[in-house]
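> First the structure, which I've put down as structure tokens, then a few questions once you've had a look.
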Amino acid sequence: MDLQEVSEVAREIPPPEHTTMTVEEFLARDIEGYEYVKGELVPMSSPSLGHAKISARITRYLLTYVSESQLGDVYVEAGFKVGERGMKPDVAFISTARLPEDESKGAPIPPDFAVEVISPTDVQWRVTEKVQAYLEAGTQMVWVVESVMKTVTVYRSETDIKVFTGAETLTGEDVVPGFSCPVAQIFE
């Protein structure tokens, strides 16, 4: 997709809508296609096939490992309370000890681990803002997956940031102990 096409797609995404609902109400309603940021419903673009394929691969690898190891649960585009935001990471993990009892609505807590797959219409500062919100709310690890350069940037804090390329292997570190996945497999 060239810059002209990205610009055209970005114009099709409606601007945020101010709302009087709280983040808790947003999570209870599970409004599809939106995130909740600072009192506004922010539309999410529909994922491209490439975006969806990458998210599915990460989900498959992570879900298989987490299920076999009985470490918790893996979620796809589920709502989470992240500070005063209602966010829907592409893939998320919550450890067994932190699993919410009520699964009929979004989680009242941030995930332990969140994955954001970059879309052609994503704006870098918004992605950075999301990562910062996750970390400030207590998410222990965030992966930002970039399909053009085929890299995964792993954030543990504002200063603990590592970029992984196709020749390297990602791990779950202490968040998803024992999990590993070659970066190249995500982009096959």
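> Taking the range 80-93, which residues are surrounded by fewer than 23 Cβ atoms within 10 Å (Cβ to Cβ) and either touching a Leu at 6+ places or on another chain (Cβ under 7 Å) or part of a helix (DSSP H, G or I) (or both)?
81 - this is the single residue of the range 80-93 that is surrounded by fewer than 23 Cβ atoms within 10 Å (Cβ to Cβ) and either touching a Leu at 6+ places or on another chain (Cβ under 7 Å) or part of a helix (DSSP H, G or I) (or both).
> Test residue 96 against the criterion of being out of contact with any Ser or Thr (no Cβ under 7 Å at 6 or more places or on another chain), among the hydroxyl-bearing types (Ser, Thr, Tyr) and surrounded by fewer than 19 Cβ atoms within 10 Å (Cβ to Cβ), and give yes or no.
Working: out of contact with any Ser or Thr (no Cβ under 7 Å at 6 or more places or on another chain): yes; among the hydroxyl-bearing types (Ser, Thr, Tyr): yes; surrounded by fewer than 19 Cβ atoms within 10 Å (Cβ to Cβ): yes.
Here the answer is yes, as residue 96 does meet what is asked.
> If you don't mind, there's one more thing I want to ask. Among 128, 159, 151, which is the only one that is of a type outside the set (A, V, I, L, M, F, W, C), over 25 Å from residue 44 (Cα atoms) and either out of contact with any Gly (no Cβ under 9 Å at 6 or more places or on another chain) or free of Cβ contacts under 8 Å to residues at least 40 places away in the same chain (or both)? Give the steps one after another, and end with the answer.
Numbers: 128 fails: over 25 Å from residue 44 (Cα atoms); 151 fails: over 25 Å from residue 44 (Cα atoms).
Matching residue, one of 128, 159, 151: 159.
> Test residue 101 against the stated conditions and say whether it is among the acidic types (Asp, Glu), more than 15 Å from the chain's Cα centre (by Cα) and surrounded by fewer than 16 Cβ atoms within 10 Å (Cβ to Cβ).
Details: among the acidic types (Asp, Glu): yes; more than 15 Å from the chain's Cα centre (by Cα): yes; surrounded by fewer than 16 Cβ atoms within 10 Å (Cβ to Cβ): yes.
Yes: the conditions hold for residue 101.
> Follow-up. Taking the options 74, 66, name whichever one is modelled with pLDDT of 95 or more, over 14 Å from residue 115 (Cα atoms) and β-branched (Val, Ile, Thr).
Values: 74 fails: over 14 Å from residue 115 (Cα atoms).
It is 66.
> Which of the residues spanning the range 130-163 are farther than 24 Å from residue 95 by Cα and of a type outside the set (Val, Ile, Thr)?
Those that are farther than 24 Å from residue 95 by Cα and of a type outside the set (Val, Ile, Thr): 146, 147, 149, 150.
> Shifting gears a bit: Name, by its number, the condition in (1) within 28 Å of residue 185 (Cβ to Cβ); (2) under 15 Å from the mean Cα position of the chain (by Cα); (3) not hydroxyl-bearing (Ser, Thr, Tyr) that does not hold for residue 81.
(1)
> Kindly evaluate residue 155 against the criterion of being hydroxyl-bearing (Ser, Thr, Tyr) and under 12 Å from residue 176 (Cβ atoms). If you could, list the steps in order and put the result at the bottom.
Working: hydroxyl-bearing (Ser, Thr, Tyr): yes; under 12 Å from residue 176 (Cβ atoms): no.
Answer is no for this residue.
> In the range 21-38, what residues are loosely packed, with under 14 Cβ neighbours inside 10 Å and either touching a Ser or Thr at 6+ places or on another chain (Cβ under 9 Å) or without any contact (Cβ under 8 Å) to a residue 12 or more places away in the chain (or both)?
Within the range 21-38, 22, 32, 33 meet the criteria.
> Among 161, 186, 118, 109, which is the only one that is modelled with pLDDT of 95 or more and under 25 Å from residue 26 (Cα atoms)?
Details: 161 fails: under 25 Å from residue 26 (Cα atoms); 186 fails: under 25 Å from residue 26 (Cα atoms); 118 fails: modelled with pLDDT of 95 or more.
The conditions single out 109.
The values are calculated or read from the model by the stated rules, or taken from the named source; none is laboratory data. Source: prediction; values computed, not measured. A quick note on method: Cβ atoms are made from the backbone with ideal geometry, for glycine too, and the neighbour counts reach across all protein chains shown.
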